[in-house]
Each structure stands twice: as structure tokens, then as C-alpha cells.
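One structure is given here, and the rest of the page talks about it.
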Amino acid sequence: MARVQSAVEQLIRARFAEAPDEIWLYFKDETYTWREVISRSERAANGFLRLGIEPGDHVALMAGNKPEFLWVYFGLSMIGVQIVPLNRWQRGPALQHMLNDSASTAIVFDEELQEPILAVRGGCPALRRTVVFGRISAGIDTSYAELAAAPEGEPDVAVTKPSRPAGILYTSGTTGPPKGIVSEAYENLMGPLLEASGVQPGETMYAGLPLIHGNALFVSALGSIRLKARLALAERFSASQFWDDCRRYNVVQISTLGGLIPILMKQPPRVDDRDNPVRIAMSVGCPAAVWEEFEQRFGVRVIEWYGMSDSPGNLINSEG
């Protein structure tokens, strides 16, 4: 069948063709080569097809950082599905609103989220399938492990309209219910930001922010692929573990939001604070009072930028 590839699929297949056995992803003690990335993503894609998910459907993804998040994301992008990343802390009416507003036909989520998902499922008429990372409880359709048992190989499905990097990306909802933003341009807008990072092919970027957020997904994960770099993925941000992770994976670029830099500054000083491989901190909202102190203490350069999910572009301050 004719299958138009999404921009995301074209990107990962290009990296596989160039260096199939090169490591792309670090997670804890695990490493994943491009061969493994393609294999696991194809299995996820074929598993979703077996589940009845079709091109043009919307599938919500509500999970923490883990390699399986990426296999689901890449797999759905292979079969023309529009992916809807959701904040894993949403509950009740706000969660139900986003599932209905996006017309999500399925949702993939962490094991500890089964109760809040089941609490709203009855009020989401379009939601046909539920897939859990972990053990299945009553009312859940299948597990990711069962879904990923599908065979590898390019999905045999007709795709005429490729998926976007994010089918719908929701705002935080500070002035009302979260608003769904539809954009074709997120991936294209990353160029100047990635260039400013100075990351070179083969170097490693660090993602400690949630993948359900545009920063970690577009700047760190997809950004590392565009730059032919590697990605070190953390389950979550940990101030005490942060710099040890950077040393362990030889990270040259990190991403921070708002209060993270002050939190890192509150860690007890260590004699090896500057003994780390990081060159650039791509920061959103670094407080002016700690900017220079942070740079001096850890021997890094802060590049400040600002962007919004519903704004066509980014502001970049590389001058200090």
C-alpha cells in the first residue's frame, strides 16, 4: 500500500540508513542503537494497527519519560496517526475535556494512571482503546507489552496524510480550559535554536524535562536526531543526580526551565562542580540574579530562549 512518511519517520529512517548500529539513546544502564529504535518503533506501529487504530486517528500519550514513550511516538508517526501529548498530572474534567476536544480514539498511559483514566472514560465517547505501560487492571484493553509483541517491518497501511510532530499540543489552561494547538511548524522552527546550541554530530544532549512537553520532545529528542547527536534520557529531573548524569553520559548540552537553575544552585557546592562536560544550558526563564553565578560555578554558558506552543517562532538571547 502507498504510505507517505511523516517528517519524523523520514528523520529516524535516515539516521538508521546512515549508521544502523550507532547508539542514539541512553536510559539508565540501557543503550539503544538506530537498528533497535526502528525495530521497536515498527513493532509499536504494527501493534496499533492490530488494535484497530487507523491513519487519521488521534491517540493521546500520557506517560513519563521512558524509551517506550519514544517507540510509541515514532510508531504512531509511521501510520499517519496524530499524536496528542497530555500532561500526566491532568485529572477529572480537564482530562476529559482534552480527550473529547482532541477526539482521541485511544490513550497510552502509565500504570499508576489507570484510575484517573477509567474515571473519565465513560464521558469520552470517541475513546475506543486504552493501552497501559505495565499491568492491566479491569477496564483496560491491553498493555504496551502485548501491543509491542507485533512483528517488526514497515507497516502495511495506506497513509495519504502524514502525522505532524504533535497532532495537538495543549496549553496549560491558565485562563480557562487547556486549548489544543494544531501546528505544522514546530519541527521547522527548531533550526535556529539547535544551531545556537552548538551541538556537534556524535555529542550527547540531556533530556530531564517531561517528553509530553514541547521542550524535551522537540528540542532535546527530535533535536538530537536532527543534529545527528545522541540523547541521554532521565526519568525525571533530579537536582542531586543531574551533574552525575551529565558526567556519566558525557553530556554537552542541557535544557532547563524557570526554577530549575535556582534548584541546582541550592545543591551543596562540590569541588568537582566545574568538572563536567556541559558547554551550553538552553534555558527558559533563568532568573537574572543567578545567571552569571550559575555559569561561573558550573563552567557552562547560558543561552536564554522563549517560545510558546501557540506562537509562530522563538526568541533567542545568546548575548548574555
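The values are calculated or read from the model by the stated rules, or taken from the named source; none is laboratory data. From a predicted model like this one, the values you see are computed outputs, not experimental measurements. Reconstructed Cβ throughout: ideal geometry from the backbone, glycine too, with neighbour counts over all protein chains shown. Note: areas computed on protein heavy atoms with side chains; ligands, DNA, RNA excluded. Shrake-Rupley method; radii C 1.70, N 1.55, O 1.52, S 1.80 Å.
Given C-alpha coordinates of region 259-302, what is the ratio Rg to Rh with the Kirkwood estimate of Rh?
Values: Rg = 9.8 Å, Rh = 10.7 Å.
On the Cα set of region 259-302, Rg over Rh gives 0.92.
On full extension, the segment bounded by K179 and V4 gains 60.1 nm, given 0.36 nm per residue less the C-alpha separation.
Counting only alpha carbon atoms, the long axis of helix 67-78 and the longest principal axis of the chain meet at about 60°.
In the context of the full set of protein chains, residues of region 166-320 present 45 Å² of accessible surface per residue (probe radius 1.4 Å, heavy atoms only). Packing-based ranking of 216-224, 62-70 yields 216-224, 62-70, ordered from highest to lowest mean Cβ neighbour count within 10 Å.
Measuring nothing but how far apart in sequence close Cα pairs (under 8 Å, 6+ apart) lie, relative to its length, region 127-170 scores a relative contact order of 23 percent.
Based on the alpha-carbon set only, what is the convex hull volume of region 50-132 divided per residue, in Å³? Could you put the intermediate results ahead of the total?
Numbers: hull volume 6.8 nm³, N = 83.
Convex hull of Cα atoms, per residue: 82 Å³.
For region 74-115, pairs of C-alpha atoms spaced more than 16 angstrom apart make up 40 percent of the total. Using a simple spin-label model with pseudo-atoms 7 Å out from Cα toward Cβ, R121 and S311 lie 3.9 nm apart. What a 1.4 Å probe finds exposed on region 241-300 is 54% carbon and sulfur by accessible area, rounded to a whole percent.
For region 24-79, applying the loop criterion from DSSP together with a ceiling of 15 other beta carbons within 10 Å to the trypsin sites (Lys or Arg not before Pro) yields K28. Within region 181-213, find all residues whose amide N lies under 15 Å from a label point positioned 7 Å from the Cα of R301 along Cα-to-beta-carbon. Hits in region 181-213 for R301 at 15 Å: 193-200.
Quotient of the Cα radius of gyration of region 13-69 and 2.2 N^0.38 Å, N being its number of residues: 1.30.
At a Förster distance of 22 Å, what's the computed FRET efficiency of S240 paired with I23, Cβ-Cβ distance as r, to 0.05? Efficiency, from the Cβ-Cβ distance: 0.25. Cα extents for region 76-178 along the principal axes, largest to smallest and rounded to whole angstrom: 43, 33, 21. Taking all Cα pairs closer than 8 Å and separated by 6 or more residues, the relative contact order of the chain comes to 17 percent. Computed on the Cα atoms alone, the convex hull of the chain gives a volume of 132 cubic angstrom per residue. A Förster radius of 51 Å, combined with the Cβ-Cβ distance separating A196 from S143, puts the computed FRET efficiency at roughly 0.80.
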